[in-house]
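Enquirer: One structure coming up, written as structure tokens, with questions to follow.
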């Protein structure tokens with residue numbers, strides 16, 4: 001009796017193989033299987049602050065939607081067994097999404113039709129619609145035809161630019177467990193911006209089933225990549241865009257509170273003095 005029951009409850013070998021194969025070749029809905037994943041229920045009472053917006057808001061339970069889309073897109077189109085995908089590949093996907101958040105897009109990419117009439121607001125650096133649009137348009141040739149270091153081109157588009165080529169080349173080379181990333185502007189600067197990223201520290205595993213488990217400590221990494229690479233490049237490129245910088249007095253108080261949260265005491269006092277309006 002016990003033997004019969006055991007045979008009835010036993011999992012067929014074919015089923016185990018199917019499950020294993022599924023984990024190695026993730027489906028389009030693999031994000032729904034991520035540990036702790038819950039679809040966002042949109043209601044008038046939805047607390048949007050509890051959901052990740054940027055890469056730096058991601059956790060081991062939930063990735064930012066843009067990063068989740070890009071990672072799912074990568075896994076389903078890479079054309080390799082998950083065991084053949086390197087951690088550095090996932091780090092490049094992450095850097096790509098961070099670049100989108102900073103206002104960069106793949107060079108030569110066309111903008112969505114709905115955004116062409118209002119493209120490139122003079123002070124826009126983050127546009128959620130553009131980030132989500134390009135998250136599912138990750139250029140897979142960056143990975144398929146790579147020989148040696150990663151190398152791809154990004155650009156900062158702006159309708160008021162006096163220089164037609166606001167683009168750069170990003171070159172990344174694996175050296176042991178470090179990913180050495182260099183960003184080389186095409187215009188106005190001979191030097192490059194560089195950053196060194198520990199791979200295993202931020203990409204502990206390549207997990208096609210549970211996407212949030214692929215990354216960790218993203219808050220510090222996102223800030224580092226932006227500060228080392230993309231923000232300095234963007235600031236450099238704005239020299240070739242004739243716009244008037246906004247004044248501190250015109251920044252909303254709720255935004256200034258977030259700015260103050262990242263300043264030390266000395267910097268806070270300097271900003272407070274700058275905010276004082278003279279009669």
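The values are calculated or read from the model by the stated rules, or taken from the named source; none is laboratory data. Predicted model, so just to flag it, every value in this text is computed and none were measured. Backbone-built Cβ (ideal geometry, glycine too); neighbour counts: all protein chains shown.
Enquirer: Would you mind stating whether residue 86 is touching a helix residue (DSSP H, G or I) at 6+ places or on another chain (Cβ under 7 Å) and at pLDDT 90 or above?
Expert: Answer is no for this residue.
Enquirer: Condition test on residue 69, is it assigned to a loop (DSSP other than H, G, I, E, B) and over 19 Å from residue 149 (Cβ atoms)?
Expert: So residue 69 does not fit the description; no.
Residue by residue, here is whether (1) part of a helix (DSSP H, G or I); (2) farther than 29 Å from residue 166 by Cα; (3) touching a strand residue (DSSP E or B) at 6+ places or on another chain (Cβ under 8 Å); (4) modelled with pLDDT of 85 or more holds:
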residue	(1), (2), (3), (4)
233	yes, no, yes, yes
237	yes, no, yes, no
244	no, no, no, no
254	yes, yes, no, no
258	yes, yes, no, yes
269	yes, yes, no, yes
278	no, yes, no, no
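Enquirer: Shifting gears a bit: Does residue 211 satisfy being modelled with pLDDT of 85 or more, assigned by the TED database to the domain that holds residue 75, in contact with a helix residue (DSSP H, G or I) (Cβ under 6 Å, 6 or more places away or on another chain) and more than 23 Å from residue 154 (Cβ to Cβ)?
Expert: yes
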